[in-house]
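Below: the structure, in C-alpha cells.
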Amino acid sequence: MKVHETRSHAHMSSDEQKKGNMRKHKAEGKLPEAEQSPKKAKSEKDSVNGTGDEYKEFCKAVEENLSVDQIKEVLETNGQDCSAPEETLLAQCQDLLFYGALDKCPLCGGNLICDNEKRFLIKKHQDPKTRPKRELSSDKPFAGMMISLMGRLTRTHQYWKNKIEKHGGKVSNSVKGVTCLVVSPAERERGGSSKLVEAMEQGLPVVSEAWLIDSIEKQEAQPLEAYDVVSDLSVEGKGIPWDKQDQSEEAIESLSAELKMFGKRGVYKDTKLEENGGKIFEKDGLLYNCAFSLCDLGKGRNEYCIMQLVTVPESNLNMYFKRGKVGDDPNAEERLEEWEDEEEAIKEFARLFEEITGNEFEPWEREKKIQKKPHKFFPIDMDDGIDVRSGALGLRQLGVASAHCKLDSFVANFLKVVCGQEIYKYALMELGLDPPDLPMGMLTDIHLKRCEEVLLEFVEKLKTTKESGQKAEAMWADFSSRWFSLMHSTRPMRLHDFNELADHAASAFETVRDINTASRLVGDMRGDTLDDPLSDRYNKLGCKISVVDKESEDYKMIVKYLETTYEPVKVSDVAYSATVVNVFAVESKAIPSLDDIKKLPNKVLLWCGSRSSNLLRHIYKGFLPAVCSLPVPGYMFGRAIVCSDAAAEAARYGFTAVDRPEGFLVLAVASLGEEVKEFTSPPEDTKTLEEKKVGVKGLGRKKTEESEHFMWRDDIKVPCGKLVPSEHKDSPLEYNEYAVYDPKQTSIRFLVEVKYEEKGTEIVDVEPE
C-alpha cells in the first residue's frame with residue numbers, strides 16, 4: 001500500500017473524506033453553514049488527534065486489523081523507518097494512514113516523526129501568524145552537524161574547519177556519518193574522488209560551498225537540496241551519452257562504472273552468463289573473445305564492439321555480440337543467441353569478425369596479422385589475465401587484507417596503495433582511458449608495441465614534414481583518430497601540438513604500459529583476502545622494502561632535501577605544501593644495487609616524479625626511458641630517464657588531487673658518466689645522445705644553491721640547496737633536469753611518501769561521533 005495523499009487528509013471512505021474536509025475548514029477558521037455543528041466545541045486538547053473520538057476509533061481499527069508485518073510493510077512502502085519498537089511502529093502507522101506521509105527533513109534528509117502528544121501544538125499554531133517565534137542561536141547554525149569538505153574551495157579547508165566549529169558543527173575527512181559533503185566545482189571537473197562517489201552511493205547530500213556561506217550569513221542552516229550539485233548524477237549512470245555530458249559528469253560515471261570484461265577470458269558481465277558458470281569458448285588453441293575500437297574524429301565516431309562465444313554447463317553454445325557508441329549503453333546494438341551446432345557458431349563468429357574488421361579471424365588470432373581498413377574496426381588485443389581495476393583489492397577488501405598481512409604495518413600500508421584498485425582507476429580516468437567495456441589494463445605486449453610504433457612513426461613525421469595550415473591539421477587529425485582507435489578512450493580529442501602529444505599520447509602510453517605490468521603482478525586478489533595476498537604480492541616483487549627510521553641520518557637528509565628544494569604546487573589560487581610521511585628504502589633484483597652504482601663515475605642523488613599507478617612497475621623492473629623525443633619538458637632529451645635536483649619538479653608528477661593527498665616521490669642515484677653535456681634548449685639531435693649514452697644536464701630558470709650541496713655515502717653528490725634564479729632566464733625548463741640513457745646507470749634507493757596540504761594549514765581528521 002502506497003500513501004500518495006498530502007497530510008491535509010488521507011482517508012478511505014466518503015464519510016471520512018467529508019470529516020477530513022470539515023477539519024480543513026476548521027483550520028481556516030470557518031465552516032460551511034450546512035455543516036455547522038450544534039454540539040459543544042471540543043477543547044483544543046481534544047483536537048490533538050484530528051476530531052478526538054474519530055481518531056481514536058481509527059487507531060483502534062488499525063490496531064485490530066493490521067498485523068505487525070503489515071504495519072511494517074505500510075511504513076517501508078512509504079519510506080519510513082521500521083527499526084523502532086512495535087508500539088512505536090503502530091503509532092507511526094496510525095499517524096501515517098490518518099494524516100498522510102511526512103516529507104523528509106529538509107536539512108538532513110532523514111525521516112520525520114510526529115509525536116502524537118504534540119498534535120495539540122500543531123493544531124493550535126496552524127496559522128503561521130500565531131506560531132511562537134523560535135529563538136535562533138545566531139552563531140550556531142551547524143549545531144549537531146558533521147560536515148565533510150572536498151576539493152579546492154575558495155577558502156582553505158582549515159578556514160572552513162574553524163568556521164564550522166565556531167558555528168556549532170564538526171568536520172570529518174571521511175563521509176561516514178556526516179550530514180553532508182561540501183564540494184568544489186573545480187574538483188568535480190576532475191572527476192571527483194572516492195569520497196564523492198561514496199557519498200553518492202550512500203545518498204548523502206552533496207552541496208556547494210555557498211551553503212556554508214549562506215547558512216552563516218542568514219544565521220540558520222539553509223535547506224540542503226537548494227545547494228545540491230550532483231542530483232543530476234547517479235552511480236548507475238544517467239542514460240545520457242558521455243560525449244553529450246559535461247566532462248566532469250562523464251568522469252564520475254566512468255569512475256563509478258564496473259569494468260565489464262577483465263581480459264581475454266573474461267565473460268562480458270552484461271551477458272549474465274558468468275553467473276551460471278559461463279566461460280569463454282576455446283578450441284584448437286583459440287579463445288573466441290574479441291574486442292574492437294573505431295575512432296574517426298572527422299565523422300564524430302567513437303565506437304566499440306564485443307564478440308564472444310561462451311560455454312555454459314548444460315546449455316548450448318552462446319554467441320554474444322554488442323556494438324555501440326562509447327558511453328551510450330542504452331542505444332547499443334546487443335544480442336545473445338544460443339547455437340546448437342558448434343561448427344556453425346564458429347563460422348558465424350569468423351564471418352562477423354571479417355565484417356567488422358575487413359580481415360580474417362584465424363590469421364589475426366594465431367599470428368596477429370591484420371591490416372587496418374578504412375571505416376572498419378581495429379582489434380584491441382586483450383591478454384590472458386585480469387585487468388588490475390578488476391583483480392586488485394577494492395576499498396572494502398583492503399582493511400581485511402591489511403589485517404591479515406604479516407609484513408611491517410607501514411610496508412603493508414604501502415602495499416595496500418599499490419595493490420588497490422583506486423590508484424589505477426583514477427589514473428586511467430584522468431587520461432580518459434577507462435572505458436568500462438574494454439580492459440585497457442590487460443593488453444598484450446604486441447598491442448602496446450603497435451601503439452608505440454604508431455607514436456614513433458608520427459613523431460618522426462613531424463620532424464621531417466614541411467606541411468602547414470590545413471594539410472598540417474589534417475595530418476594531426478589522422479594521427480589522433482589512429483591513436484584513439486588503438487588506445488581506446490572515453491573522450492578522444494584532436495591533438496594539435498607537442499604538449500598535447502606528450503600528455504595524451506606519450507605519457508598516457510607510458511601509464512597504460514606500467515598499469516599493464518601492475519595487472520600481471522597483482523593478478524586476481526578478489527577471493528583470497530584471508531590468505532595474506534599482500535605478502536604474496538610483496539614476495540612476487542622480488543625486492544626488499546623497509547621503513548627508514550625517522551631518527552636516522554638518511555631520513556633527516558631526505559627531509560632536508562625535500563624541504564629545501566620544494567616549492568608549493570599551485571592549483572588555481574591555492575598553494576599546496578608537501579610533508580614527508582614515511583620513507584621506504586628499496587632493494588630490488590631488477591635495479592642495480594648501491595654497491596654496483598658506486599662503481600660508476602659522477603653519481604648524483606636525484607628526484608623522480610611518478611604517478612602512484614606507475615610505482616609497481618618501477619620497483620619490479622626498474623626505470624624505463626621515455627617512449628619518444630619531443631621538444632617539451634620530460635621528453636626533450638629523447639629516450640632518456642629524466643630526473644631533477646628539485647623536489648618541486650618531481651612533485652608535479654606525484655600530485656593527484658586535494659582529496660587524494662598522498663603521493664610518492666622517488667629518490668634515485670644516477671651516474672651521469674665521464675662526459676656531461678649541458679643544454680638550455682631542446683637538442684636538435686637526440687639520437688646521438690642516446691647512442692653514446694652520455695650524461696645530460698638541462699639548465700633551468702632556477703637552480704639549487706651550489707654552496708649548500710653535500711656528499712652522501714662518500715661520493716654521491718646531493719644537490720640540496722635553496723632554489724635561486726639562474727642565469728638561464730629563457731630556458732624552457734623551470735628546474736634543472738638530468739638525463740641518462742642506460743637503465744643500468746640508475747638505482748632507485750628510496751620511496752618518499754608525501755602528503756600534500758594547503759600551505760600554512762594542517763587538516764586534522766575528525767572522526768564522526
Segment 622-737: equivalent-ellipsoid semi-axes (sqrt of 5 x gyration tensor eigenvalues, Cα, Å): 22, 19, 16
Expected-Rg normalisation [2.2 N^0.38 Å, Cα atoms] applied to segment 457-613: 1.46
For segment 448-547, alpha-carbon Rg relative to the globular expectation (2.2 N^0.38 Å, N residues): 1.53
Highest-first arrangement of 704-715, 205-216, 559-570, where packing means the average Cβ count within 10 Å: 205-216, 559-570, 704-715
Spacing of the two label points (7 Å from each Cα toward its C-beta) at Glu705 and Lys687, in nm: 4.5 nm
Cα-Cα pairs of segment 405-448 separated by more than 15 Å (percent): 57 percent
Restraint check, Lys544/Lys744; Lys195/Lys540; Lys621/Lys722; Lys368/Lys692, Cα-Cα greater than 24 Å: Lys195/Lys540; Lys621/Lys722; Lys368/Lys692
Relative contact order for segment 281-401, counting Cα pairs under 8 Å that sit 6 or more residues apart, in percent: 21 percent
Cα-based Rg / Dmax (Å) for segment 332-463: 20.3, 57
Surface share of carbon and sulfur [accessible, 1.4 angstrom probe, percent] for segment 596-635: 52 percent
Unit charges at the beta carbon, dipole of segment 314-359: most positive-side option, Gly327, Phe353, Asn316: Gly327
Positive-pole candidate from Thr704, Leu615, Leu630, dipole of segment 606-741, charges at beta carbon: Leu615
FRET efficiency, 1/(1 + (r/R0)^6) with R0 35 Å, evaluated for Arg713 and Lys540 via beta carbons: 0.75
Lys, Arg +1 and Asp, Glu -1 on Cβ, resulting dipole of segment 556-605 about Cα centre, debye, nearest 20: 220 debye
Near-label residues of segment 279-296 by backbone N, under 12 Å of a point 7 Å along Cα→Cβ of Ser315: 279-280
Cα-projected label distance for Ala403 with Lys449, points at 7 Å along beta-carbon direction, nm: 4.6 nm
Alpha carbon convex hull of segment 295-356, volume per residue in cubic angstrom: 85 Å³
5 angstrom amide H check on Asp434, placed H, neighbours 5+ away: Thr490
Two-site label geometry, Asp531 and Lys299: point separation in nm, points 7 Å out along Cα→Cβ: 4.9 nm
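The values are calculated or read from the model by the stated rules, or taken from the named source; none is laboratory data. Just so it is clear, the structure is predicted and the values come from calculations on it, not from any experiment. When we count neighbours, we look across all protein chains shown, and the Cβ atoms used for this are built from the backbone with ideal geometry, even at glycine. Each accessible area value is taken on the protein alone, full model and side chains, heavy atoms only, with ligands, DNA and RNA left out. Shrake-Rupley method; radii C 1.70, N 1.55, O 1.52, S 1.80 Å.
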